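Take a look at the structure below.
The values are calculated or read from the model by the stated rules, or taken from the named source; none is laboratory data. This one's a predicted model, so the numbers in the text were calculated from it and none came from an experiment. Quick reminder, even Gly has a Cβ in these numbers, built from the backbone with ideal geometry, and neighbours come from all protein chains shown. Surface areas here come from the heavy atoms of the whole protein model, side chains and all, with no ligands, DNA or RNA. Shrake-Rupley method; radii C 1.70, N 1.55, O 1.52, S 1.80 Å.
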Amino acid sequence: MPSYERLGELLDPAGTVLLTVECQQGVVGPDSALPELAREARSSGALRNVARLVAGAHESGVQVIHAVAERRPDGRGANRNARLFRAAERLPVHQLAGSTAVRVAPPIEVAEEDFVVRRLHGLSPIHGTGVDALLRNLGCRTLIVTGVSANVAVPNAVFDAVNLGYTAVVPADAIAGVPAEYTPAMIRNTLALVATITATDEVLGCLARARGRR
């Protein structure tokens, strides 16, 4: 874990954005298309920690972006070039645009000043979604990545952020994947090589100290 001083430097609210990845009802909610992932996100405390981080970001003036994956009812524009996409078409819950499934899931609260960015294709919450342009216009230097899943979308977001020149910060207890033991192994062997790994309480502590310096 980085020192509080180092983490505090990275998490200057003026240059920090918090990204939630696929924390939507059809993924982590009670009627999820992926019930095993939904259970892990909730039982591990990851979803609760994402909600805590979002609340702390709102209090500290840190911009929040919610990245949501959805599809049109007719499927136009969606990828079909990997097993994951083809399997998603057969799931009982589809992430259809405008449906309850693509709403950000409780206990996360979406504030008026948040951005909700929706993608109709691909695996990445950043590449090809307009998120990079938003980050640059917001003056982002550090991107806090949270959400699901540790299997695909979260590492994709971290790699894209690093490739685009942002510093990625990952609160390890605010992401989830399946099986449960995969997430810490992936963090240790992959994300720790390219991102600053920390914990929810440490991020919230840095944001609280930043508020106190105002």
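List the GluC sites (Glu not before Pro) within the range 38-97 that DSSP assigns to loop and that have no more than 11 neighbouring Cβ atoms inside 10 Å. Each step should come with its number before you reach the end.
On the way: sites: GLU40, GLU59, GLU70, GLU89; in loops: GLU70.
Passing sites in the range 38-97 do not exist.
Using only Cα atoms and rounding to the nearest 10 degrees, what angle (0 to 90) does helix 46-60 make with the longest principal axis of the chain?
50 degrees
Which value in nm describes the separation of the simple spin-label points at TYR182 and HIS127, placed 7 Å from the Cα toward the beta carbon?
Between TYR182 and HIS127, the label points sit 1.9 nm apart.
Evaluate E = 1/(1 + (r/R0)^6) for ASN137 and VAL110, where r is the Cβ-Cβ distance and R0 equals 22 Å; express this FRET efficiency to the nearest 0.05. Working shown, then result.
Working: r = 20 Å, r/R0 = 0.91.
The calculated FRET efficiency here is 0.65.
Could you calculate the contour length gain from ASP31 to ARG72, that is, 0.36 nm times the residue separation minus the distance between their Cα atoms, to one decimal place in nm?
Full extension of this stretch gives 12.8 nm more.
Which whole-number value in Å² is the accessible area per residue of the chain, probe 1.4 Å? Display every interim value, and only then the final one.
Values: 10020 Å² over 214 residues.
So the chain comes to 47 Å² accessible per residue, rounded to a whole number.
Is it possible to state the helix-based mean residue ellipticity at 222 nm for the chain, with each DSSP H run of 4+ residues giving -39500 (n - 2.57), the sum divided by total residues, to the nearest 500 deg cm²/dmol? What is it?
After summing the helix terms and dividing by residue count, I get -10500 deg cm²/dmol.
Any idea of ARG80's accessible area? Nearest 10 Å², probe 1.4 Å.
We get 120 Å² for ARG80.
Rg(Cα) of the chain divided by 2.2 N^0.38 Å?
Values: Rg = 16.2 Å, N = 214, 2.2 N^0.38 = 16.9 Å.
This ratio for the chain stands at 0.96.
If you roll a 1.4 angstrom probe over the protein chains with everything in place, what fraction of the accessible area of the range 1-96 belongs to carbon and sulfur, to the nearest %?
50 percent
So, how do all the Cα-to-Cα distances of the range 1-112 break down into 10 Å bins, in percent, from 0 on up?
13, 37, 29, 16, 4, 0
Between LEU91 and ASP12, what is the label-to-label distance in nm when each label sits 7 Å out along the Cα-to-Cβ direction?
Result: 3.9 nm between the two label points.
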